[in-house]
Each structure stands twice: as C-alpha cells, then as structure tokens.
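Pasting in a structure now, in structure tokens, and then I'll have a few things to ask.
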Amino acid sequence: MTSVLVVDTDEDALKAAGEMLDRAGISTALASTGLHALSLIRRLPVDVPERRDHPSPIAAGPGGRNSALNRASFRLHQLVAGGEIDRSECEDRLIAACRSNGLVADDGLPSVVATLRSGARAGLRHPRSRGVA
C-alpha cells in the first residue's frame, strides 16, 4: 500500500488532499506544520524506509517523489474515469502537492506534468469507484 505524508498550513486544502488520497486507496498522514510532520516522522522505526512490506507515512523524498506522483496520478485518475472526482481539481491538487514537496523546484514543472499525464493515461483506461482498490 502506498502511504503519503501531506503537509499544508491551509486546513481546508489539507483535509481535501487527505480525503482525495484516501478515496484513491492511498494511506495518508496529515500535518499542518513542519514540526508536526517531523514528529510523525520521528515516530517511525529506523528501518521502515528499507522495508518493502511496511507502508510508510513519509512522503517520498528526493529520488522517490516522481514514482509516488505517478502512482497517485494513476490511482486518482481511475476515480476520475469512474466519475468519482473532477479531473481538473485532481490535477491541480497533485501539482500543488508537488510544489509543496519540492518536486517542481527540483525537476521542473514540465517533468512533473509529464509524469502526471503518464499516470493519468494509464488510470483513465481502468475506471473504478470509491471503495474499490
């Protein structure tokens, strides 16, 4: 199972992102401040990032964010194809998350959009409804 830590000072955006990711079957941990996020991270066992069988509530760091974006885009676009969520809102929120986690700054917006579209193309071919993983 994919897990993501979402950090945003806007409580409404944080709640909406958490709900959208939950609907996509992505486990989320929510933090409204960097300090809260660090406290969540510090509670993890040291070996969690190396274990493939244990979901981590940490957002992917450099080197893993692009793959995490592709997976999230795929799963959310399945819900778009199933008529469960709005495509434009979905894509806007994914890009906003990539701005927040530094992927846009590190890889550039064109790279982020290309990855988002790749996940979208695949997800749109496999529609699903809420509650179906």
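When you go through (1) at pLDDT below 85; (2) more than 12 Å from the chain's Cα centre (by Cα); (3) under 28 Å from S129 (Cβ atoms) one by one for L40, which number turns out not to apply?
Condition not satisfied by L40: (3).
Does A31 fit the bill of being hydrophobic (A, V, I, L, M, F, W, C), at negative phi and either at pLDDT 80 or above or in contact with a strand residue (DSSP E or B) (Cβ under 6 Å, 6 or more places away or on another chain) (or both)?
Answer is yes for this residue.
Considering the range 80-114 alone, what residues qualify as being of a type in the set (D, E, K, R), within 17 Å of E19 (Cα to Cα) and part of a helix (DSSP H, G or I)?
Once the filter is applied, which keeps residues that are of a type in the set (D, E, K, R), within 17 Å of E19 (Cα to Cα) and part of a helix (DSSP H, G or I), the range 80-114 yields R87, E89, E91, D92, R93.
For the range 10-28, give me each residue that is in a loop (DSSP other than H, G, I, E, B) and modelled with pLDDT of 80 or more.
D10
Test of understanding: among R128, R121, R117, R75, which residue is outside any loop (DSSP other than H, G, I, E, B), of a type in the set (D, E, K, R), modelled with pLDDT of 75 or more and buried (at least 16 other Cβ atoms within 10 Å of the Cβ)? First the steps, then the outcome.
Working: R128 fails: outside any loop (DSSP other than H, G, I, E, B); R121 fails: buried (at least 16 other Cβ atoms within 10 Å of the Cβ); R117 fails: buried (at least 16 other Cβ atoms within 10 Å of the Cβ).
None of the others qualify; the one that does is R75.
Please specify each residue of the range 91-105 satisfying the condition of being under 12 Å from L116 (Cβ atoms), surrounded by fewer than 22 Cβ atoms within 10 Å (Cβ to Cβ) and not aliphatic (A, V, I, L, M).
As a first pass, look at the range 91-105 and keep what is under 12 Å from L116 (Cβ atoms): 91-98, 103-104.
This time we only want the ones that are surrounded by fewer than 22 Cβ atoms within 10 Å (Cβ to Cβ), so: 91-93, 95-96, 104.
E91, D92, R93, listed by residue number.
The values are calculated or read from the model by the stated rules, or taken from the named source; none is laboratory data. Quick caveat, the model's predicted, so the values are computed rather than measured. Please note: Cβ atoms are built from the backbone with ideal geometry, for glycine as well, and neighbour counts cover all protein chains shown.
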